[in-house]
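Q: Sending over a structure as structure tokens; questions will come in a sec.
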Amino acid sequence: MCGICVCVGSVNAVKKVFDGLKILEYRGYDSSGIAFIENDKIKCVKTVGDISNLEEKISSLQSNIAIGHTRWATHGGVTIENAHPHLSASKNLAIVHNGIVENYKELKKEFNISTTSQTDSEVFCDLIEKENGSLLEKTISASKLVKGGFAIALLSNLGEVVLAKRENPLYVAQTSFGVMATSDIYVFCDITQKYYTLSDDEFAKIENGKIFFFDKNGKKIKKKCEKIKKNLKKVEIFEKTHMKSEILETKNSLFMTYKNYQSGKLFEKIFLPKKLESICLIACGTAYHSALQGAMYFKKIKIPSQAYIASEFRYGDEILNKNTLYILISQSGETLDTIACAKMLKEKGMALLALTNTENCYLNQICQNILPTFAGKEIAVASTKAYSCQVFVLYLFSLFLSGKFLDKKKDIEDFLKELSLTDIDEEIVDYVASFEKIFFVGRGFDYITALESSLKLKEITYINSFAICAGELKHGTLALVDDKTIVISFCTFKKTKEKLFSNLEEIIARGGKVLVVSDEIVPFKSVRLPTFLEEFMPIVSVIPMQFLALKICEKLGYNPDKPKNLAKSVTVE
Ligand code: M6R
């Protein structure tokens, strides 16, 4: 959420920052802006909406120092005033900020700060300016007053640049043309081979083309350089949108994931609790849905398991157990609530395992065990291929825990070979889109596919939809069913097939229409799936629903990659 990019030392610093922001745009696309030095003064260019709006404004600008930002609005609406960078009262200091200053109202009052925007970020900037000492010293003391997580870059009219980080990601690198800093290492692809990761409450100063690191007491520290992994490549898409590309990449992503797991070595490296009594899976959004599927796989091998929403878990009264394995699932590895759970569990000495799709993410740094998914970078806000890979890895892990991993080799390889991604006919798309209300139902693991399908639809089409266990309909929700309703039902969980059909008849009897997604011939209008072993069906049946959401979104004229009000990584509470 929010992207930061800094360039110091290049004659084309403004352009370099703009190029970085284009890569970061998926982190927030409400507004963007760049601050730079011109004639010893800080100048700022900002726009609202698509980053292409910024391009014309910066095309003629030259400066060898610039800081930039793409915004996902938290405090204050989507306006030019609220767009970053923000300037201090004297206009001698500029800030770009990712995160939330939770106590900004109190700070504003206590330090008598008046602002021109409604943002917490501007307060942070003024707070720093009011402190004493060098820019670095001021930043360190102001940070101590701030509650909440942040990643900031500061630029003074004297050309000083300071970086600070707590919870939100920030990376910095020495490149052939100068120093670059960013909130996503993807910006470094093709620019540098080595970079540094700022840890919590660490600071950096960029001076005379060099990077100096400091701890929270202002003491100079040495940091280890990290290498950019070879497989970290700039994303190229062959379709009109990232989302379509990413759905179509699912098969390859699953294949790559399996390739890395087939020897079983990645599982063998995991430190499990001495006596594994239960598994607790924690995540948000789509990753939470894969956690629900995972819990089903683990229960199947008789390990008591439960999935939790991270934002609930962290404030709940869950009873912790040293013999429980806590699996934290996150595509980005940056989701604040999931990270907060990981930190809390780590403090209490619990066994943690991160299931992530992003190397070197914060979550991986916290957890002692890591299971990566090899889905490749996911840019579209709506998670698709990463979800399928999360479900797949959880399935493979359940096999490993049951000791049956190698026995299932042939089934897995057959599945990967024969898997074809079920698209959805235009006629069905038009049919579904013609209804006012779209509900999703299922039983067993089909219910989880219903939850995920409904989220995809809401997220990119803005159609109000929800998912419910098929058997629950008659306990209240059936009251909503009428001839303006379509109920999309999944039928791959064989144990309750007949019961599900009765539930669907009850809908039809009330004037509702049904569409069944199944690998069998069913006595209803249907989307036909290829048949695989039941445990693979959650991966198979979600695909046509991702296409359905995408196609309705396109028909409505929306951009599926940038749904309104959302951003890819949720780094605030
Ligand atoms: O990066 P994460 O997997 O932790 O993200 C969690 C959710 O924010 C994410 O899955 C979100 O629900 C997706 N945009 C849904 O498509």
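The values are calculated or read from the model by the stated rules, or taken from the named source; none is laboratory data. Everything numeric here is computed off the predicted structure, so don't read it as measured data. In this analysis, Cβ positions are derived from the backbone assuming ideal geometry, glycine residues included, and neighbour counts consider all displayed protein chains. SASA here: full protein model, heavy atoms, side chains in, ligands and nucleic acids out. Shrake-Rupley method; radii C 1.70, N 1.55, O 1.52, S 1.80 Å.
Q: Which of rounded, prolate or oblate describes region 27-136 when judged by the alpha-carbon gyration tensor and an a/c cut-off of 1.5?
A: Cα axes put region 27-136 in the oblate bin.
Q: Moving on. Roll a 1.4 angstrom probe over the protein heavy atoms and tell me the percent of accessible area of region 242-418 that is carbon or sulfur.
A: On region 242-418, the fraction of accessible area on carbon and sulfur atoms equals 54 percent.
Q: With Cβ to Cβ distances under 13 Å as the rule, what net charge do the other residues near Thr324 carry (K, R +1; D, E -1)?
A: Residues close to Thr324 contribute a combined charge of +2.
Q: Amide H of Glu202 versus every other amide H placed in the peptide plane: which residues, excluding those fewer than 5 positions away on the same chain, fall under 5 Å?
A: Answer set, sorted by chain and number: Lys165.
Q: Pairs of Cα atoms under 8 Å, at least six residues apart: use those to get the relative contact order of region 106-213, whole percent.
A: Worked out over region 106-213, it gives 19 percent.
Q: Quick check: Cα centre of region 62-135 to Cα centre of region 155-194, how many Å?
A: If you average the Cα positions of each part, the centres end up 19 Å apart.
Q: What does the highest-first list of 509-516, 284-291, 388-395 look like by mean Cβ count within 10 Å?
A: 388-395, 284-291, 509-516
Q: Let me ask something else about it. With angles folded into 0 to 90 degrees, how steeply does helix 13-24 sit against the dominant principal axis of the chain? Use alpha carbons for both and round to 10.
A: In the chain, helix 13-24 runs at an angle near 20 degrees to the longest axis.
Q: Kindly provide the chymotrypsin sites (Phe, Trp or Tyr not before Pro) of region 294-391 that DSSP labels as loop, not H, G, I, E or B, and whose Cβ sees at most 12 other Cβ atoms within 10 Å.
A: Tyr315
Q: What do you get for trypsin sites (Lys or Arg not before Pro) in region 85-187 restricted to DSSP loop and a cutoff of at most 13 other Cβ within 10 Å of the site's Cβ?
A: Loop-located and lightly packed - Lys91, Lys147.
Q: Right, next: Before anything else, pin down the relative contact order of the chain: Cα pairs under 8 Å, at least 6 apart, normalised by residue count, whole percent.
A: Answer for the chain is 11 percent.
Q: With the Cα gyration tensor of region 45-92 giving a ≥ b ≥ c as the square roots of its eigenvalues, does the rule (a/c under 1.5 for rounded; else a/b larger than b/c for prolate; else oblate) give rounded, prolate or oblate?
A: oblate
Q: For region 426-555, what does the relative contact order come out to in percent, with C-alpha contacts under 8 Å and a separation of six or more?
A: Relative contact order for region 426-555 comes out at 28 percent.
Q: Here's something else I'd like to know. Compute the angle between helix 537-555 and the longest alpha-carbon principal axis of the chain, please, reported from 0 to 90 degrees and rounded to the nearest 10.
A: Long axis of 537-555 versus the principal axis of the chain: about 60 degrees.
Q: Out of region 514-573, which trypsin sites (Lys or Arg not before Pro) are coil in DSSP terms and have no more than 15 other C-beta atoms within 10 Å?
A: For trypsin sites (Lys or Arg not before Pro) across region 514-573 that sit outside H, G, I, E and B with at most 15 neighbouring Cβ atoms in 10 Å, the list reads Lys525, Lys564.
Q: Can I ask one more? In the structure shown, do any of Lys343/Lys385; Lys302/Lys404; Lys41/Lys216 have a Cα-Cα gap over 19 Å, and if so which?
A: Correct reply: Lys343/Lys385; Lys41/Lys216.
Q: Distance from the Cα centre of region 321-400 to that of region 547-569, in angstrom?
A: Comparing the Cα centres of region 321-400 and region 547-569, I get a distance of 25 Å.
Q: Okay, next question. Pairs Lys205/Lys229; Lys194/Lys229; Lys43/Lys138; Lys265/Lys409: which are spaced more than 19 Å apart, C-alpha to C-alpha?
A: Lys205/Lys229; Lys43/Lys138, as the Cα separations exceed 19 Å there.
Q: Something else about it: On a 0 to 90 degree scale, rounded to 10, what angle separates helix 120-130 from the longest Cα axis of the chain?
A: Tilt relative to the chain: about 20 degrees.
Q: To check you understand DSSP bridge types, tell me what percent of the beta bridges within the chain (both residues inside) are antiparallel, rounded to 5.
A: 60 percent
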